[in-house]
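Report on one structure; see the data block that follows.
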There are 2 protein chains.
Amino acid sequence: MDSPHPERQGLNMIQAGNTEGISDIIRFVLEIDKLKGVLRKVKPTGEDRYENTAEHSWQIALFALSLEQVVEISVDVNRVIAMLLVHDLGEIDAGDKFVFAQDGWEDRKVVELRAVERICDIAPLKVADWLITLWKEFDGGGTSEARFAKAIDRCMPVLLNLSHQGGSWLENGVTYERVVGRVGPEIENGCPELWTYMKEKLEEGRRKGFFAATS
Amino acid sequence: MDSPHPERQGLNMIQAGNTEGISDIIRFVLEIDKLKGVLRKVKPTGEDRYENTAEHSWQIALFALSLEQVVEISVDVNRVIAMLLVHDLGEIDAGDKFVFAQDGWEDRKVVELRAVERICDIAPLKVADWLITLWKEFDGGGTSEARFAKAIDRCMPVLLNLSHQGGSWLENGVTYERVVGRVGPEIENGCPELWTYMKEKLEEGRRKGFFAATS
């Protein structure tokens, strides 16, 4: 794929405040509009439709912004939010992948990265590079910020399913063990206090029959 | 309305890392889920439905994050983003108000503030106070951050309508003069370069017949 930024190889510079810069930002902003059409597996409160990835991204950004203030964790919350705003952009080309799918995750990463590069490259070079860096940091999970962001991203659909008496777990035959095994380590790794809280809620959900029976 | 925070009058303190704090954050995060059900007047790209305020909030946050890097403006972009994430929360109780409505804006502000207070008060005191402060700053428009945020908020539906050959302007009988008079000063005030760009695009839209005829 040809890069729209041949200058990436040469002068790594962008003139601040030029019309071309604004024009490219706006093409980027209109391209990401498509994330509103990518559907996930859970339904918003009171809605008989599946949520889309754009509204999910908003919710977890505000979740991070507020949670960071009450937990004992040292992260740059602004970086966490920036990551959460971009972390699912690749779904515009790749679609949503159900978190409880059993395989295909390695191929998936390649496709998502290619998508993120295509989309972000619409923006001016400096912006594109930075957004791709954020996406890779989230994906790699090597920083406290990425781990905190991932914990929140994993936690949100669990909260929605719990508040919908099982929601997509029952619809898709997902067991309690599968949920705890899949989301537990990432939530605990990114925000131990949040996992302490969630563990109890998941156990409560199990007692109430919110999960598929273990086969 | 009784405040869930009687301590607001007394010790202004919250224990960091307590389970109660997390529990209140999560009640707040589930309450704001309702913003996904508040419909606006424009349609997302390729979708035959109106966009909701949650996905709109995500898009303008990412718009701000990227635009700030290419314009000559000095703002704390993290504060801008935080404001954009909360600025429409009041619509959960008050609904969306079409930006080109001619009157009712003063009453509307009172209702929205009451709503924002109700919703944010679900969160722990410290978080609630901060989110309400952000909302008021955006609403008051007294800082560069609030003005930049407002410029982006005003700009986004204009961009979507332009990319939909007039969209909600034609559906609702809105003229070119009404659009320029309503959004122009706020966009120019918050980000002059963005207005220079938008002015041209709006003029182009007028030539293409994207607006209702002047009565």
If we sort B:43-55, B:102-114, B:173-185 on the protection proxy, mean other Cβ atoms within 10 Å, highest first, what's the order? B:43-55, B:173-185, B:102-114
Tell me which DSSP H helices of chain A clear both cut-offs, 27 Å or more of axial length from alpha-carbon atoms and a mean Kyte-Doolittle hydropathy of at least -0.5. A:144-163
Taking 7 Å along the Cα-to-C-beta vector as the label spot, tell me the B:ASP129-A:LYS136 distance in nanometres, rounded to one decimal. 4.2 nm
Give me the 1.4 Å probe accessible area per residue for the range A:73-157, excluding ligands and nucleic acids, in Å². 36 Å²
Here the residues of the range B:159-196 lying in the modelled label zone of B:GLU72, meaning backbone nitrogen under 13 Å from a point 7 Å along Cα-to-Cβ, are B:192-194
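Can you check what the net charge comes to around B:PHE28, using other residues whose Cβ is under 12 Å from the Cβ of B:PHE28 (Lys, Arg +1; Asp, Glu -1)? Walk me through the intermediate numbers first.
On the way: positive: B:ARG27, B:LYS34, B:ARG118; negative: B:ASP24, B:GLU31, B:ASP33, B:ASP121.
After counting each charged neighbour, the total is -1.
Quickly estimate the mean residue ellipticity at 222 nm for chain A, helices only: each DSSP H run with n ≥ 4 gives -39500 (n - 2.57), and the total goes over all residues, rounded to 500.
-19000 deg cm²/dmol
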Given axes a ≥ b ≥ c from the Cα gyration tensor, I'd like to know whether the range A:71-132 is rounded (a/c under 1.5), prolate (a/b larger than b/c) or oblate. oblate
Please report, in debye to the nearest 20, how large the charge dipole of the protein assembly as shown is about its Cα centre when each Lys and Arg carries +1 at its beta carbon and each Asp and Glu carries -1 there. 660 debye
Treating the beta-carbon of each Lys and Arg as +1 and of each Asp and Glu as -1, no other charges, what is the dipole magnitude of the range B:10-127 about its Cα centre, to the nearest 20 debye? 100 debye
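Specify whether the C-alpha gyration tensor of chain B places it in the rounded, prolate or oblate class, a ≥ b ≥ c being the square roots of the eigenvalues: rounded for a/c under 1.5, otherwise prolate if a/b is larger than b/c and oblate if not.
Values: a/c = 2.22, a/b = 1.82, b/c = 1.22.
Prolate, because a/c is 1.5 or more and a/b exceeds b/c.
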Which shape class, rounded, prolate or oblate, goes with the range B:89-191 when its Cα gyration tensor gives a ≥ b ≥ c as root eigenvalues, a/c under 1.5 marks rounded, and past that a/b bigger than b/c marks prolate? prolate
Taking R0 as 30 Å and r as the Cβ-Cβ distance between A:GLU203 and B:ASP93, the FRET efficiency 1/(1 + (r/R0)^6), rounded to the nearest 0.05, comes to 0.35
Check which residues have an amide H placed less than 5 Å from B:ALA212's amide H, if you skip close sequence neighbours. B:VAL174, B:THR175, B:TYR176
If you stretched the chain out fully between A:ARG108 and A:GLU47, how much longer would it get, using 0.36 nm times the residue separation minus the C-alpha to C-alpha distance? 19.0 nm
Let me spell out the model: positive unit charges on the Cβ of Lys and Arg, negative unit charges on the Cβ of Asp and Glu, origin at the Cα centre of the range A:122-215. What dipole size does that give, in debye rounded to 20? 200 debye
Please work out the Cα center distance from the range B:37-98 to the range A:46-87, rounded to the nearest Å. 14 Å
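The values are calculated or read from the model by the stated rules, or taken from the named source; none is laboratory data. Values in this document were obtained by computation on a predicted structure and should not be read as measured data. All Cβ positions, even for glycine, are placed from backbone atoms using ideal geometry, and neighbour counts span all protein chains on display. The area values use the complete protein model at the heavy-atom level, side chains included, leaving out ligands, DNA and RNA. Shrake-Rupley method; radii C 1.70, N 1.55, O 1.52, S 1.80 Å.
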